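K.L.:
The structure that follows is given in the form of structure tokens.
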Amino acid sequence: MNYSSKMMITADTLQWKSLNKGFSVAFFESIKEIAALWDQLSPTDNIFLRSQYLQILEQNPPEGMTFGYLLFQKNKTIVGLAVCQIQYFNIEQSLNLKESTVSPCFFNTIGRYLKGLVAAKVEFTTMICGNLLLTGEHGYYFKSDTADSGTIFGIVNEGLDHAKATLDSKGGNIAGFLIKDFFKETRESGRFDKVSTINEFTVQPNMIMDMDPAWKTFEDYMAAMSSKYRVRTKRAFKKAADLEKRTFDEAMIIQYQDRIFELYQMVAENSGFNLINLNPNYLPALKRELQDDFNLEGYFLNGEMIAFYTTIVNGHELEAHFLGMQPEPSRKYQVYLNILYEIVRKGIEVQSKHIVFARTATEIKSSVGAKPHDMYCYMRHRNPFSNRFMTPILDYLKPDESAVLRNPFKE
């Protein structure tokens, strides 16, 4: 369903819906309607909440995704904003239940059967406050003196109900709400889990690397490693010595667009859980609009592209974004480990304070210096009976991943 609107809206034409505690909310179906107004409030140090990025995503959406945007007012002053994504979830399709190549035993088989049985029952259209393409707190933003975090969380929930009612009146059928992602510190200060209608759950941790400001070169980073990990790093570079690495401009991204998407799908199809299918035009659009703040590097073997990775400079953070790789040659040449090192190199080059490596591959990411940060998400179903069972179902379907954390640095 297409919820977009061509009508331009200014501050004088906003239609407000009253909420609790003196707040009101206005809902919009396209960021283009309110881009200038939105950016008067959106944080300059978070590109993922700026209209420039939101327009890129809206114009090049993942398969089946539509969007909405909320502005919040108090005392006739706009004090907050929230990003909404509307996505149909079919957990059975998102959950990878392939035969394990490690131990294809009876217990794995029955486990896959049970997960498939439960997953087949979990499907509904969901309104997400946040960004399914990212890991981190990119769902909403309020002026710091507006209210305490628990109050704001409640107001955002009310705003989502207003957005749902608006879209349902136009033929939508939103059944669930997901608010993602919160760091432990934010969650503890707000105590969101005490809201009776909210189901709190966690998924794989966000792997974040704190950068030492003393690192001016990659050699400085290596000097901070223990000898064991310096040897490991040099060995990885040696393994990839036969590969050619190319930095892509927009024209090259377009030239190799089909291969880039093919490599991305190789990774997505082998992940344990995949909620979205990326739009092939998304990465070229990022390069066109973000220029040097977006980087795509490709790896070539004998002239054939076998892998790529992308990064986005986001204020003081470097975001490791989407990647793709051909499994067999990538294993042989340790491409993934080399990619992680190159992202560290990029982080040093742009003097980032943190590198956000996002979820999955916890162990190997920790081996280059990233540390896990638990992220909390909140889901509710419009049906009170169904809502009671959301947390146990989500816990049951959560992909299994046990990892040994590494520390590459000197003690």
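Taken together, the values in this text are just the output of simple stated rules run on the coordinates, not laboratory data. Since we're looking at a predicted model, the values are computed, not measured. Don't worry about glycine lacking a Cβ; one is built from the backbone with ideal geometry, like all the others, and counts go over all protein chains shown.
K.L.:
Which FRET efficiency, nearest 0.05, do D220 and N20 yield, Cβ-Cβ r, R0 41 Å?
P.N.:
0.20
K.L.:
Now a separate question. Taking amide H atoms as placed 1.01 Å from N in the peptide plane, list the residues 5 or more away in sequence, or in a different chain, whose amide H sits under 5 Å from that of M375.
P.N.:
Here the answer is V203, N206, since their amide H atoms fall under 5 Å of that of M375.
K.L.:
Would you compute, for the Cα atoms of segment 18-85, the largest minus smallest coordinate along each principal axis and list the three values in descending order, in whole Å?
P.N.:
37, 26, 17
K.L.:
Using the Cα atoms of segment 243-356 to build a convex hull, what is its mean projected area in square nanometres?
P.N.:
The orientation-averaged projected area of the Cα hull of segment 243-356 comes to 7.0 nm².
K.L.:
Once you put a point 7 Å from the Cα of K239 and another 7 Å from the Cα of I364, both along the Cβ direction, what distance in nm separates them?
P.N.:
0.8
K.L.:
For segment 258-269, take each phi angle, set θ = phi - 60°, evaluate the Karplus expression 6.51 cos²θ - 1.76 cosθ + 1.60, and give the result in whole Hz per residue in order, putting x for glycine and proline.
P.N.:
3J(HN,Hα) across segment 258-269, in whole Hz: 5, 5, 4, 5, 4, 5, 4, 5, 4, 6, 4, 6.
K.L.:
Filter the cross-link list K228/K371; K32/K184; K17/K76; K76/K143; K245/K332; K245/K346 down to pairs whose alpha-carbon distance in this structure exceeds 23 Å.
P.N.:
Pairs exceeding the cut-off: K32/K184.
K.L.:
Could I ask something else about it? So, by mean Cβ neighbours within 10 angstrom, what's the order for 168-177, 67-76 with the highest one leading?
P.N.:
In decreasing order of mean packing, 168-177, 67-76 become 67-76, 168-177.
K.L.:
Sticking with this structure for a sec: Assuming R0 = 22 Å, can you tell me the calculated FRET efficiency for the pair D145 and R191, based on Cβ-Cβ distance, to the nearest 0.05?
P.N.:
Here the calculated transfer efficiency is 0.65.
K.L.:
Expressed as a fraction of 2.2 N^0.38 Å, the rule-of-thumb size for a compact globular protein of N residues, what is the C-alpha radius of gyration of segment 193-298?
P.N.:
Dividing the Cα radius of gyration by 2.2 N^0.38 Å gives 1.49.
K.L.:
List every residue whose amide H lies under 5 Å from the amide H of M211, counting only residues 5 or more places away in sequence or on a different chain, with H placed 1.01 Å from N in the peptide plane.
P.N.:
Close amide H contacts, sequence-distant or interchain: H354, I355.
K.L.:
Oh, and also: In whole Hz, what ³J(HN,Hα) sequence does segment 220-229 give by Karplus (6.51, -1.76, 1.60; θ = phi - 60°), x for Gly and Pro?
P.N.:
Those phi angles translate into 5, 4, 5, 5, 7, 6, 6, 4, 4, 7 Hz.
K.L.:
I'm a student and want to see the number: the projected area of the Cα convex hull of segment 124-228, averaged over all directions, in nm².
P.N.:
If I average the Cα hull's projected area over directions, I get 10.6 nm².
K.L.:
Pop out the ³J(HN,Hα) list for segment 348-354 in order, Karplus 6.51 cos²θ - 1.76 cosθ + 1.60 with θ = phi - 60°, rounded to Hz; leave Gly and Pro as x.
P.N.:
Rounded to whole hertz, the list is 5, 4, 8, 6, 6, 7, 9.
K.L.:
Given the Cα-Cα distance of V404 and Q40 and 0.36 nm per residue of separation, how much length would full extension add, in nm?
P.N.:
126.6 nm
K.L.:
Where in segment 136-152 does the label zone of T77 land, with the point 7 angstrom along Cα→C-beta and an amide N cut-off under 20 Å?
P.N.:
141-152
K.L.:
When ranked by the protection proxy of mean other Cβ atoms within 10 Å per residue, highest first, what sequence do the peptides 231-241, 350-360 form?
P.N.:
The peptides rank, most packed first, as 350-360, 231-241.
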